[in-house]
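Take a look at the structure set out below.
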Amino acid sequence: MSKLQNIMFEQVQTSTLLKQACDSAISYQKNSHQRAVYPSQQSLELLKEFDTQLPEHMGDGEAILDLLAKQGELNTVRYSNGRYYGFVNGSALPIGLAAKWLADVWDQNAALFVTSPIAAKLESICQQWLQQLFGLPTNTVAGFVGGTSIASLCGIAAARYRQLSHLGWDITQQGLFAAPALRIILGRQTHSSVVKGLNILGFGQQQIEWVDCDQQGRIKVESIPPLDKSCIIVLQAGNVCSGAFDDFHTIIPKAKAAKAWVHVDGAFGLWAGASQRFATLTKSMHLADSWSVDGHKTLNTPYDCGVILCADASALTQAMQQQGSYIQTSESRDNMMFTPDMSRRARGIELWACLAYLGKSGIAELVDLLHQHAVYFAKQAEIAGFKVLNEVVFNQVILSAGSDESTQNILKSIQNSGVSWCGGATWMGQQVIRISICSWATTQSEIDKSISIFSNCLAEYNQPM
Ligand SMILES: Cc1ncc(COP(=O)(O)O)c(C=O)c1O
């Protein structure tokens with residue numbers, strides 16, 4: 001046995017590294033609530049300690065973990081402290097985190113049934129549960145990917161396969177370059193990840209037929225051009241700023257009648273389909289062809305949990321096809337048939353754990369809670385002197401503090417406070433503060449603490465010199 005192996009086996013037997021990591025992780029999690037939501041300037045300076053040359057020789061595992069725990073932890077962003085409202089970032093439910101830890105120790109390659117029966121089984125259960133939860137067609141299949149960006153790319157790849165096949169073209173054999181033209185229909189408020197996916201798949205931005213949106217960011221139904229079987233139209237369940245949902249009930253049946261492919265980007269908003277409260281917003285959403293969604297947003301799974309759901313199983317598996325004489329497929333589910341990747345971690349395990357733990361009523365309760373907190377945040381922000389620019393239909397709130405300059409400066413002060421963190425954006429030509437209530441850990445009392453910081457920052461900025 002080599003010296004290297006000896007050391008590794010000893011580490012396995014004594015579990016010193018795992019125990020050290022476990023202790024650090026538990027103390028990190030317990031203290032999250034009291035700690036600054038964002039690293040201080042002083043902490044950011046400490047990142048320089050990682051600027052070393054690649055070591056010539058083996059190091060000391062405990063010292064490496066210690067560096068990571070001490071300096072690394074100071075430079076994390078604490079999504080789970082209840083006062084983080086940036087991007088659309090969820091935070092991990094304890095059950096999801098625990099399941100992910102176990103899965104990390106199992107270190108499974110989720111590519112095939114034969115490489116991990118447990119990963120194959122749990123991903124097939126997640127597929128079935130998600131299909132039921134969102135009321136999707138019973139033949140809907142799911143691929144488990146890193147996030148919605150990749151999930152949408154998969155959905156559009158499936159759409160590209162199917163729409164070209166309607167036009168007598170097999171892209172898997174004949175390729176894209178001489179293929180008949182497809183038409184891509186997007187709302188002007190489509191998330192940039194969809195445009196990135198289209199670019200990767202060979203659709204240039206000049207090819208896109210852009211449709212105007214209303215003041216909430218919803219596609220104007222009357223502005224959609226006539227659709228046909230060469231079309232792929234992408235709709236949104238949840239605009240990244242306003243949280244608005246496109247009018248699925250009017251658009252989807254018409255698009256389907258014209259044989260267009262409908263993809264729904266539901267990164268965080270697809271979860272509205274799990275609660276009766278949002279039945280009007282999600283009406284007819286299930287009639288689309290494909291849907292992308294994240295576990296790591298509204299459901300609060302740990303990160304790296306995106307899902308492509310596709311009602312046309314053969315379009316997705318054709319688009320993702322891969323063969324090799326050594327690739328041993330099975331009668332059961334082989335996960336790699338539904339995604340671009342082959343080897344990957346078994347991300348379905350923590351998704352399964354979160355779904356199993358919350359159940360239908362727990363998921364609905366979580367989704368409703370995020371909405372209620374967004375409504376509460378908007379109300380308190382308005383009382384504090386901010387202007388709320390959107391209808392708070394889901395978990396997103398858009399604020400203005402007056403002019404672009406004051407909004408940007410106040411946003412900077414909020415970000416520097418360490419107490420609360422949110423981002424900015426341009427919304428309908430105006431600088432805004434974006435609030436996304438996406439963490440299970442946000443409570444009314446954390447919102448109150450945040451609003452008091454928002455209020456102080458506004459008052460300080462408006463103070464006469
Ligand atoms: C509507 C929408 N689509 C796509 C994405 C990208 O998702 P991900 O970061 O998981 O790739 C986001 C991210 O916030 C989003 O809000």
### Summary
Each label sits 7 Å from Cα toward the beta-carbon; between residue 106 and residue 11 the label points are separated, in nm, by 2.3
### Task
Mind jotting down a quarter of the surface of the convex hull over the alpha carbons of the chain, in square nanometres, one decimal?
25.6
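What does the extension gain come out to for residue 259 and residue 26, with contour length at 0.36 nm per residue minus their alpha carbon separation?
Using 0.36 nm per residue and subtracting the Cα-Cα distance, I get 78.6 nm.
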### Task
Take the alpha carbon atoms of the stretch 270-324, find their radius of gyration, then divide it by 2.2 N^0.38 Å using N residues; give the quotient.
1.39
### Message
Explain nothing, just compute: Karplus ³J(HN,Hα) = 6.51 cos²θ - 1.76 cosθ + 1.60, θ = phi - 60°, for every residue of the stretch 122-128 in order, whole Hz, x for Gly and Pro.
### Response
5, 6, 6, 5, 4, 4, 5
### Message
Taking the Cα centre as origin and putting +1 on Lys and Arg beta-carbons and -1 on Asp and Glu beta-carbons, what dipole magnitude results for the stretch 354-465, to the nearest 20 debye?
### Response
100
### Query
When 434, 83 are ordered from fewest to most other Cβ atoms inside 10 Å of their Cβ, what list results?
434, 83
#### Entry: Between the stretch 237-290 and the stretch 1-47, the alpha-carbon center distance in angstrom
42
### Task
Could you go through the stretch 116-121 in sequence order and give the Karplus-derived ³J(HN,Hα) for each residue, using 6.51 cos²θ - 1.76 cosθ + 1.60 with θ = phi - 60°, rounded to whole Hz, and x for Gly and Pro?
6, x, 5, 5, 5, 5
### Task
In whole Hz, with x marking every Gly and Pro, tabulate ³J(HN,Hα) for the stretch 414-426 from phi via Karplus 6.51 cos²θ - 1.76 cosθ + 1.60, θ = phi - 60°.
4, 4, 6, 5, x, 7, 9, 9, 8, x, x, 6, 9
### Task
Give me the distance in nm between label points sitting 7 Å out from Cα along the Cα-to-Cβ direction at residue 250 and residue 413, one decimal.
4.2
### Task
Could you line up 122, 4, 102, 164 from fewest to most neighbouring Cβ atoms inside 10 Å?
4, 102, 164, 122
### Message
Calculate the FRET efficiency for residue 405 and residue 448 from the Cβ-Cβ distance with a Förster distance of 30 Å, rounded to the nearest 0.05.
### Response
0.60
### Query
Classify the stretch 190-320: rounded, prolate or oblate, from the alpha-carbon gyration tensor (a ≥ b ≥ c, eigenvalue square roots; a/c under 1.5 rounded; otherwise prolate if a/b is larger than b/c)?
rounded
### Message
Is there a quick way to get the dipole size of the chain? I mean about its Cα centre, with the Cβ of Lys and Arg at +1 and of Asp and Glu at -1; what is the value in debye to the nearest 20?
### Response
800
### Summary
In debye to the nearest 20, the charge dipole size for the stretch 273-344, taken about the Cα centre with +1 at each Lys and Arg Cβ and -1 at each Asp and Glu Cβ, equals 320
## Note on the structure
Listing 410, 118 by rising number of other beta-carbon atoms within 10 angstrom, fewest first, gives 118, 410
### Query
In what sequence, highest mean first, do 388-395, 192-199 appear when ranked by Cβ atoms within 10 angstrom?
388-395, 192-199
### Message
At 0.36 nm per residue, and after removing the present C-alpha to C-alpha distance, how many nm does the segment from residue 53 to residue 360 gain when stretched out fully?
### Response
105.5 nm
## Note on the structure
Once both label points are put 7 Å beyond Cα along the C-beta direction, the residue 314-residue 40 separation in nm becomes 6.3
### Task
Would you calculate a helix-derived [θ] at 222 nm for the chain, using -39,500 (n - 2.57) for each DSSP H run of n ≥ 4 and dividing by the full residue count, to the nearest 500?
-13000 deg cm²/dmol
### Task
Multiply the residue gap between residue 212 and residue 199 by 0.36 nm, knock off their C-alpha separation, and tell me the result in nm, one decimal place.
2.6 nm
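Laboratory data are not the source of any read-out in this text; all were calculated from the coordinates shown. Being a predicted model, the structure only gives us computed values, none of them experimental. All Cβ positions, even for glycine, are placed from backbone atoms using ideal geometry, and neighbour counts span all protein chains on display.
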